[in-house]
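Notes for the one structure printed next.
We did not get these values from a lab; they are worked out from the coordinates using the rules stated. The structure presented is a predicted model; accordingly, all values stated were derived computationally and were not measured. Glycine also receives a Cβ, built like all others from the backbone with ideal geometry; neighbour counts cover every protein chain displayed.
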Amino acid sequence: MSHHRETDATMHLIGRSLALLALLLAPFAAAGDDTVRLQLKWQHQFQFAGYYAAQAMGYYRNAGLKVDILPAGPGEDPVRQVIEGKAEFGVGSTELLLLREQGIPIVVLAVIFQHPPLALMTLKDDGIQTIHDLAGRKVMIEPGSAELHAYLRREGISADKFTLVPHTFDVQALLSGAVDAISVYVTDEPFALKEAGREYLLYSPRAVGIDFYGDNLFTTGDLLRRRPELVRKFREASLKGWDYAMQHQEEVARLIYDRYSRRHSLEHLRFEARQMESLLQPALIEVGHMNPGRWRNIAEVYAEMGMLRRGFDLQGFLYDPQPRDLTWLYSVVAGVAFLLLIAVMVAVRFAYLSGALRKSNDQRDKVAAALREKEERYRIFFMDSPDAYLIVSDGVFVDCNRAAEAMLGA
């Protein structure tokens, strides 16, 4: 019974040692499938083609990820969804910079559009021939379009020189004459004007040197700190999806139309894809590439508008896809953990053997004491017996008791 108790104690200590090793190695162990959510900044369309391709081609699945792609609707704030933990990743504008300065730990993982997709659109026959003709007019500008406001300011058109109208996200407001200009994505709304047979003009912030990034993939600093490997895998799989989407535009357009939304026709989706070529420039620039110098320039434009303090530090805002290699440190930690386990197991074994030896010695001492006690009793009985006893071994006298001594006169 005691042997079983010793064995159980040994196994218990070994089990605790293995649990300790598992705890030490847990940060480096491969996780199973992780479910994450990607919050888009608008409804399903080719604008987000890379994410659909990553899903369809199994890039997310191969990375151990299960991804839910969430569309946004008018009036919804996709960035807030991520900040509030309702999604792990999101697509946002360069106004993410402003949130970072406010203390919200936004981290930009990759840039999709190398040039701004936003522009102001007017009807060609509406008498507006230059951007300056917008003075005194009604203009719809969607939220998150700081580059358009900066564009107007640089052209000398301050906010008090035009009437800002809430955006309806419908080109009908322009076609009906309800407004004189609307903010649009050059990849999207112009198609509706083309379908309506109306000629239009586009005014881009790039005309005055405002060249913002667009559709930036981002997450929170908290997720990056807790799950750096998950963030890395999601980013890599997403960019792989973007590479595929831009090389297989027709296939992905049909994928979107068949699986995600028929809000846009196939021809509309193809139009988006063609327009996006000049914004992504995939033949010249790796999809997702970010230039810190460009981001500093964007920050300076915001500072010029009084929306951001000058000299804003980008530290921590831009994701580093190639951080310092800490593989050696992980190996050292794993090695130390392994040696610790061995040391604990050796100590447990030594303790077990020491206990067994002590137990054996104690048992031997008890037997010896019992024998001595029996011998003493026997000797008392032998010496004090009234009968005479002689002990002879092999014909040789060995011993006798007191009665024998008296009888022999010894």
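Please give the residues of segment 92-120, grouped as numeric ranges, whose backbone N is less than 17 Å from a label point set 7 Å along the Cα-to-Cβ vector of K161.
Output list for this probe position: 120.
Given R₀ = 45 Å, FRET efficiency for L314-R254 by Cβ-Cβ distance, to 0.05?
0.70
If I stretch the segment between E286 and T35 completely, what's the gain in nm (0.36 nm per residue apart, minus their alpha carbon distance), one decimal?
Length gained between E286 and T35: 87.6 nm.
Segment 34-75 to segment 200-256: how many Å between their Cα centroids?
Rounded to whole Å, the Cα centres lie 11 Å apart.
Tell me, what is the FRET efficiency for K366 and E405 to the nearest 0.05, using R0 = 51 angstrom and their Cβ-Cβ distance as r?
0.90
Quote the charge dipole size of segment 118-208 about the Cα centre in Debye, to the nearest 20; the model charges only the Cβ of Lys and Arg (+1) and of Asp and Glu (-1).
My answer is approximately 240 debye.
Determine, from the Cβ-Cβ distance of K138 and Q43 and an R0 of 30 Å, the FRET efficiency 1/(1 + (r/R0)^6), rounded to the nearest 0.05.
0.75
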